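The values are calculated or read from the model by the stated rules, or taken from the named source; none is laboratory data. This is a predicted model, so every value here is computed, not measured. Cβ placement follows ideal geometry from the backbone for every residue including glycine, while neighbour counts extend to all protein chains displayed. What goes into the accessible areas is simple: the full protein's heavy atoms, side chains included, and nothing from ligands, DNA or RNA. Shrake-Rupley method; radii C 1.70, N 1.55, O 1.52, S 1.80 Å.
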Amino acid sequence: MTDAQHLVVALFTAQPAHPGHVARSRLDAVREKYRGRVETSIVDASTQWRVMQAHGIVDVPTFAVCESGTVKEKLPCGIPDQNALDEAVERHL
């Protein structure tokens, strides 16, 4: 990745203040494993529904790998296992 690129694992959720223990632990694990290379974000679905709709995200919770503000890959709705989430990240590093 160049310095201009910015990889983020985003969680689109209806409850951004309380995304749930498992969802938060997935984000924490990504942040720890890819420290300095990948950031994480919790996205409020109620304010970002247009972004979601534009990228085919129709339900929450949904994790997505984003780069420079664009959804590169969305995972199936729900909380993925850690391996699936890590594999999605690896495909974009």
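For the stretch 3-93, the solvent-accessible area of protein heavy atoms averages 58 Å² per residue (probe radius 1.4 Å; ligands and nucleic acids excluded).
Here the Karplus curve 6.51 cos²θ - 1.76 cosθ + 1.60, taken at θ = phi - 60°, turns the phi angles of the stretch 50-67 into couplings of 5, 4, 4, 4, 4, 10, x, 8, 10, 8, 10, x, 9, 8, 9, 9, 10, 9 Hz, with x standing for Gly and Pro. Over the chain, the reciprocal of the mean inverse Cα-Cα separation, the Kirkwood hydrodynamic radius, stands at 13.1 Å.
Assuming charge only on the beta carbon of Lys and Arg (+1) and of Asp and Glu (-1), the dipole of the stretch 29-93 about its Cα centre is about 180 debye to the nearest 20. A viscosity of 0.890 mPa s and a temperature of 25 °C, combined with the Kirkwood radius over Cα pairs in Stokes-Einstein, give a translational diffusion coefficient for the stretch 4-50 of 217 µm²/s. The portion of the accessible surface of the chain made up by carbon and sulfur, rounded to a whole percent, is 49 (1.4 Å probe; DNA, RNA and ligands excluded).
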